[in-house]
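Novice: Take this structure first; my questions come after.
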Amino acid sequence: MTQDELKTLVGRAALDSVVPGSVIGVGTGSTVNKFIDALATMKERIVGAVSSSAASTTRLQALGIRVFDANEVERIPVYIDGADEIDGRGFMIKGGGAALTREKIVADLAERFVCIVDESKRVAVLGKFALPVEVIDMAREQVARRFRALGGRPVLRQGVLTDNGHPLLDVHGLSITDPLALEAEINQWPGVVAVGIFARHRARVCLLGTSTGVQRLAFD
Ligand code: 5RP
């Protein structure tokens with residue numbers, strides 16, 4: 001199976017995690033796009049969605065799914081999103097699609113994060129994928145120096161601003177053995193809007209697309 005077919009498989013499998021009659025938290029990316037397409041087949045059975053990016057909002061609305069502002073929603077049962085890496089405890093790196101801040105906001109509204117990935121995203125230790133960090137522009141170099149002090153190699157993502165209008169650093173060369181501690185540390189640096197480590201907001205379930213079908217991994 002191609003990677004695209006694996007994404008379609010997990011995107012469809014995620015429908016089983018949708019709670020009928022609720023607002024669904026919807027992530028961003030090519031795997032989530034498959035989920036959104038599948039979600040359209042049961043749109044009459046959900047109230048709507050809270051979206052983590054302008055791109056997902058456009059796709060949801062084009063398919064006739066109502067999109068709520070996050071401020072209108074207090075709690076949602078499930079957030080469904082992809083990841084750039086996921087480890088054996090459900091900790092993830094996210095933000096390859098530049099939507100990490102809004103993804104974390106919507107994940108925070110949710111009782112349960114369901115991660116949908118193909119098997120190429122499964123890792124033992126996070127960090128081979130360069131860690132995305134959304135920053136306030138005036139703190140860009142200050143934050144970059146701090147990553148260099150940790151042994152990382154921050155690179156400004158050229159020609160990209162997030163939906164919030166901020167630049168992104170992609171930090172290469174980190175081996176993230178303690179995601180909870182590193183996320184907490186980076187969150188304290190002035191000028192960091194969000195870091196792409198999802199440890200506090202880890203996945204509780206991962207639907208992993210493999211050549212033999214969808215594996216369901218539970219991390220509770
Ligand atoms: C966007 C993300 C995506 O979930 C992540 O990049 C995975 O995307 P894809 O499903 O296209 O591989 O974090 O900010």
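The values are calculated or read from the model by the stated rules, or taken from the named source; none is laboratory data. Nothing here was measured: the structure is a model prediction, and the numbers come from that model. Backbone-built Cβ (ideal geometry, glycine too); neighbour counts: all protein chains shown. Each accessible area value is taken on the protein alone, full model and side chains, heavy atoms only, with ligands, DNA and RNA left out. Shrake-Rupley method; radii C 1.70, N 1.55, O 1.52, S 1.80 Å.
Residues are listed down the side, and each one gets a yes or a no for (1) in a loop (DSSP other than H, G, I, E, B); (2) open to solvent by less than 30 Å² (accessible area, probe 1.4 Å); (3) in the same structural domain as Gln158 (by TED's automatic domain parsing); (4) within 14 Å of the ligand (Cβ to nearest atom):
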| residue | (1), (2), (3), (4) |
| --- | --- |
| Gly25 | no, yes, no, yes |
| Asp37 | no, no, no, yes |
| Gln61 | no, no, no, no |
| Pro77 | no, no, no, no |
| Glu111 | no, no, no, no |
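Novice: Does Val47 count as out of contact with any helix residue (DSSP H, G or I) (no Cβ under 8 Å at 6 or more places or on another chain), over 22 Å from Gly97 (Cα atoms), open to solvent by less than 50 Å² (accessible area, probe 1.4 Å) and among the aliphatic types (A, V, I, L, M)?
Specialist: Judged against the criteria, Val47 is not a match.
Novice: What tally of residues in the stretch 113-134 results from selecting those that are among the hydrophobic types (A, V, I, L, M, F, W, C), within 16 Å of Arg89 (Cβ to Cβ) and surrounded by 21 or more Cβ atoms within 10 Å (Cβ to Cβ)?
Specialist: Restricting attention to the stretch 113-134, the residues satisfying the condition of being among the hydrophobic types (A, V, I, L, M, F, W, C) are 113-117, 123-126, 129-131, 133.
Still in the list and also within 16 Å of Arg89 (Cβ to Cβ): 113-115, 117, 123-126.
Add one more test, that the residue is surrounded by 21 or more Cβ atoms within 10 Å (Cβ to Cβ), and what stays is 113-115, 117, 126.
Number satisfying all stated conditions: 5.
Novice: Still on this structure, I have one more. Output the residues belonging to the stretch 100-145 that are small (Gly, Ala, Ser) and closer than 20 Å to Gln3 by Cβ. Spell out the reasoning first.
Specialist: In the first step, residues of the stretch 100-145 are kept if they are small (Gly, Ala, Ser); the result is 107, 110, 120, 124, 127, 130, 139, 144.
If the condition is that a residue be small (Gly, Ala, Ser) and closer than 20 Å to Gln3 by Cβ, then Ser120, Ala130 are the ones that fit.
Novice: Under 6 Å between Cβ atoms, at least 6 apart or on separate chains: pull out the pairs that start in the stretch 21-48 with a residue that is under 27 Å from Ile93 (Cα atoms) and end on any residue that is within 16 Å of the ligand (Cβ to nearest atom) and of a type in the set (Phe, Trp, Tyr).
Specialist: Gly25/Tyr79
Novice: How many residues does the stretch 135-153 hold that are farther than 22 Å from Arg102 by Cα, of a type in the set (A, V, I, L, M, F, W, C), open to solvent by 10 Å² or more (accessible area, probe 1.4 Å) and part of a helix (DSSP H, G or I)?
Specialist: Residues that pass the stated criteria total 1.
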